[in-house]
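Let me begin by presenting the structure, written as structure tokens, before commenting on it.
The values are calculated or read from the model by the stated rules, or taken from the named source; none is laboratory data. If you're wondering where the values come from, they're calculated on a predicted model, not measured in any experiment. Please note: Cβ atoms are built from the backbone with ideal geometry, for glycine as well, and neighbour counts cover all protein chains shown. Areas reflect the complete protein model, heavy atoms only, side chains present, ligands, DNA and RNA absent. Shrake-Rupley method; radii C 1.70, N 1.55, O 1.52, S 1.80 Å.
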Amino acid sequence: AQSVTQLDSQVPVFEEAPVELRCNYSSSVSVYLFWYVQYPNQGLQLLLKYLSGSTLVKGINGFEAEFNKSQTSFHLRKPSVHISDTAEYFCAVSVRAQGGKLIFGQGTELSVKP
Amino acid sequence: IAGITQAPTSQILAAGRRMTLRCTQDMRHNAMYWYRQDLGLGLRLIHYSNTAGTTGKGEVPDGYSVSRANTDDFPLTLASAVPSQTSVYFCASSEGQGGYGYTFGSGTRLTVV
């Protein structure tokens, strides 16, 4: 069975600092990988996704993620965060051969401080 | 604006009562999903539907039922609510299966007392 582990439940950073949110997945077959963002009292929005091809994926709001097959990781990065990036971030995986249902990690709360 | 509409936005429900959470999409997406979000557990799949007329069980289906009579609507019913069903419920849809990603509704915050 597939699973997703987000290694940090909370990440506090100062404004304009770089940030990395870590995500590892467990799967013996090919997967699609996603990062979603949830602002307070809202639904989830897609930040970026990896389907195939280049392992470095760029998304909205200056975020990017790198797929590392050997380490089964899909870490999310941003070189300089803003106060407005404060939100909950979810990593998710879907199995290509199993109908695309998303399995989510537990979430990482990013708190950007001035 | 194209998207997913969920209703109600929030609800306080007495234990033992029946409740239907509504979900409507206007994007003509084939696949629809219901998740519950609980602190520290992320989102867990309750039920899904790959196309109108079909449904399937997710990770935590017990106590919930769904129907998919048409493409646009995917209601979630709690037949007899219990306090452990207190959660935030999200409906989502996808153009197809696999790498399309989901579009999410704004959620229904349900409190069972």
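With contacts taken as Cα pairs under 8 Å at a separation of at least 6 residues, chain B carries a relative contact order of 36 percent.
From the alpha carbon centroid of segment A:1-77 to that of segment B:40-113 is 23 Å.
Annotation: Cα Rg of the protein assembly as shown relative to the compact-globule expectation 2.2 N^0.38 Å equals 1.01. Interface of A with B. Using a 1.4 Å probe and counting protein heavy atoms only, the two chains hide about 1500 Å² of accessible surface, both sides summed. Ranking A:GLY62, A:THR86, A:HIS75 by how far each Cα lies toward the positive end of the dipole of chain A (charges on Cβ) leaves A:HIS75 at the top. Annotation: peptides A:4-12, A:52-60, B:13-21, ranked by per-residue average of other Cβ atoms within 10 Å with the highest first, follow the order A:4-12, B:13-21, A:52-60. Just so you know, the Cα atoms of segment B:4-112 work out to an Rg and Dmax of 12.9, 39 Å. Compared with the direct C-alpha span, the chain from B:ALA7 to B:THR111 gains 36.0 nm at full extension, assuming 0.36 nm per residue. May I ask for the net charge around B:ASP62, where only other residues with Cβ less than 13 Å from the Cβ of B:ASP62 are counted and Lys, Arg are +1 while Asp, Glu are -1? Around B:ASP62, the charge tally is +2. Diffusion of segment B:68-107 by Stokes-Einstein, at 4 °C in a medium of 1.567 mPa s and with Rh set to the Kirkwood radius over alpha-carbon pairs, works out to 104 µm²/s. Classify chain A: rounded, prolate or oblate, from the alpha-carbon gyration tensor (a ≥ b ≥ c, eigenvalue square roots; a/c under 1.5 rounded; otherwise prolate if a/b is larger than b/c)? Prolate shape, in that a/c is at least 1.5 and a/b is the bigger ratio. Please report the net charge: other residues with Cβ closer than 15 Å to the Cβ of A:GLN42, K and R +1, D and E -1. Once all neighbours under 15 Å are counted, the net charge is -2. Evaluated with a Cβ-only charge set (Lys, Arg +1; Asp, Glu -1), the protein assembly as shown carries a dipole of roughly 520 debye about its Cα centre, given to the nearest 20. Quote the FRET efficiency, to the nearest 0.05, computed for B:ARG18 versus A:GLN42 with a Förster distance R0 of 35 Å and r equal to the Cβ-Cβ distance. After rounding to 0.05, the efficiency reads 0.80.
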